[in-house]
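Asks: The structure under discussion is supplied below as structure tokens; questions concerning it will follow.
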Amino acid sequence: MGKGHSGWTEDPRDALRARPDFSLEEFDRGATPGFRGRKSDGKALGRQRGTLLSELQERLFAEGRIGGSRSVLCVVQGLDTAGKGGVTRHVMSMVDPQGVALHSFGPPTEEELKHHFLWRIRRALPRPGLIGVFDRSHYEDVLVVRVDDLAPRDVWEQRYDEINRFEKDLVDCGTVVLKFALMVSQDEQGVRLMERLDRPDKRWKFSGNDVRTRGKWNAYQEAYQAVFERTSTDWAPWYVIPADHKWYSRAAITEILTQTMIDMDLGWPQPDWDPFDMREELAAEMSSRALKASLSDTVDNVKSAIAEDASVQREEVEVQVEDGDVDGASAKAEERAALAEVTAQKAQRFAELTRTRQQKERLVEQAEARETLAREGR
Ligand code: AMP
Ligand code: MG
């Protein structure tokens, strides 16, 4: 999707980030900031991003497997019916299940209450290579705890700074922290709660507590405002997402996650051994028949892998250009340079493929000679 059509006209990380002057009171929960288009456009773009996101996730996973330390943590907060569950399911459906780890945080258990409030959070952090998703989080300890007086003021007051330090450590150790607050309007929440009561298939989601919590609407708005003021840091900013349109909140979170992972510059990990040497070793143990089968598969397999990789890289370039990270003539030049690099790498890989094929043809001949010798020797 190019400029002038539907899609993101602004990087949603800029459009939605909670800055020091952020005011929740003035925040329009039915708006669609940074996006031009309708629900169908948002959904179509989301599907397109899904392919890219799943590729990037696989690279992160691969990096974790070979000893990398990076991971991504998505913290999802919001009042009942804001769409936390829907968003997490949606994001998770786009990537390989083994690459994501979901944790939902409810009222602390007896054991959890014996520990520091971050204890259960630390235990749930994503391991290297994973995308962790928190459905509610340590922020409940300055939200519900503050609103419902579950701890004395001086206890929750100091938690904002503690949280900031905790997240700074996380980031310093290689975790990218993304914090999403889904903000629904009071009217829309009423409509969604009513739907849960009306539909037999949704009643399980309803709890009598939801109405009591809704009754503390203003106190929650104040508590959220304090969270944005005190914990939207340079290292772990809050993205406040208007949530009256579910398609928009999904599109926004998908886009922010994709953009973030593009910026992580995830490549395929390079092994510290030479595939040409390894191939010699492996072939010494293979029959000529197996080697021939492998040779006939080589070109097709490798060609499509190279082409897929190049198309992902091209899409990464396009996404960055679309979202207006750069503009005008310098944008065109940068785009051309980036695409030229992709093409050059592709050519290099095809050259390697040619050498691979030559090596394998030689290995087949060697195996045949070896087998002839063995037969004659018997
Ligand atoms: P739900 O997300 O609808 O399943 O509800 C989970 C409930 O757990 C919400 O009512 C939260 O307020 C509550 N909860 C989560 N974390 C805490 C916490 N640290 N202390 C007290 N209640 C919590
Ligand atoms: Mg609930």
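Asks: Quick check: convex hull of the Cα atoms in the range 314-378, volume per residue, rounded to a whole Å³?
Replies: So the per-residue hull volume is 66 Å³.
Asks: Residue 39 versus residue 286, label points 7 Å from Cα toward the beta carbon: distance in nm?
Replies: With each label placed 7 Å out from Cα toward Cβ, I get 5.3 nm.
Asks: Counting only helical runs of four or more DSSP H residues, what would the 222 nm mean residue ellipticity of the chain come to if each run contributes -39,500 (n - 2.57) and the total is spread over all its residues?
Replies: The helix-only estimate for the chain comes to -19000 deg cm²/dmol at 222 nm.
Asks: Taking only complete DSSP H runs, can you tell me which helices of the chain stretch 20 Å or more along their own long axis by Cα positions and average at least -0.5 on the Kyte-Doolittle scale?
Replies: In the chain, the long hydrophobic H runs are 246-263, 288-322.
Asks: Between residue 207 and residue 5, what is the spin-label point distance in nm, taking each point 7 Å from the Cα along the Cα→C-beta axis?
Replies: 4.4
Asks: Step through the table entries 179/246; 114/179; 84/246, compare each Cα-Cα distance with 20 Å, and write down the pairs that go over it.
Replies: 114/179
Asks: Let me ask something additional. Compute a Gaussian network model of the chain, connecting alpha carbons closer than 10 Å, and tell me which residue from 34, 215, 132 fluctuates the most.
Replies: 215
Asks: Starting from 0.36 nm per residue, how many nanometres of slack lie between residue 172 and residue 336 once their C-alpha separation is accounted for?
Replies: 55.7 nm
Asks: What length, rounded to one decimal in nm, is gained on full extension from residue 279 through to residue 264, with 0.36 nm per residue of separation minus their alpha-carbon distance?
Replies: My answer for the length gained is 2.2 nm.
Asks: What size of dipole, in debye to the nearest 20, comes out for the range 1-127 about its Cα centre when the only charges are +1 on Lys and Arg C-beta atoms and -1 on Asp and Glu C-beta atoms?
Replies: So the dipole magnitude of the range 1-127 works out to roughly 360 debye.
Asks: Based on the alpha-carbon gyration tensor of the chain, what equivalent-ellipsoid semi-axes (square roots of 5 times the eigenvalues) come out, in whole Å, largest first?
Replies: Semi-axes (√(5λ), whole Å): 48, 25, 19.
Asks: Still on this model: Shape of the range 4-119 from its Cα gyration tensor (a ≥ b ≥ c, root eigenvalues): rounded if a/c is under 1.5, otherwise prolate when a/b > b/c, or oblate?
Replies: Oblate is the answer for the range 4-119, as a/c is 1.5 or above yet b/c matches or exceeds a/b.
Asks: Same structure, new question: Quick one: if the Förster radius is 30 Å, what FRET efficiency do residue 299 and residue 17 give, using the C-beta to C-beta distance and rounding to 0.05?
Replies: In this case the efficiency is close to 0.05.
Asks: With label points built 7 Å along Cα→Cβ from the Cα atoms of residue 186 and residue 222, find their separation and express it in nm.
Replies: Calculated label separation equals 1.4 nm.
Every number here is computed from the coordinates shown, using simple stated rules; none is lab data. Computed from a predicted model, the values in this text were never measured in an experiment. Cβ coordinates were reconstructed from backbone atoms using ideal geometry, including for glycine residues, and neighbour counts include every protein chain displayed.
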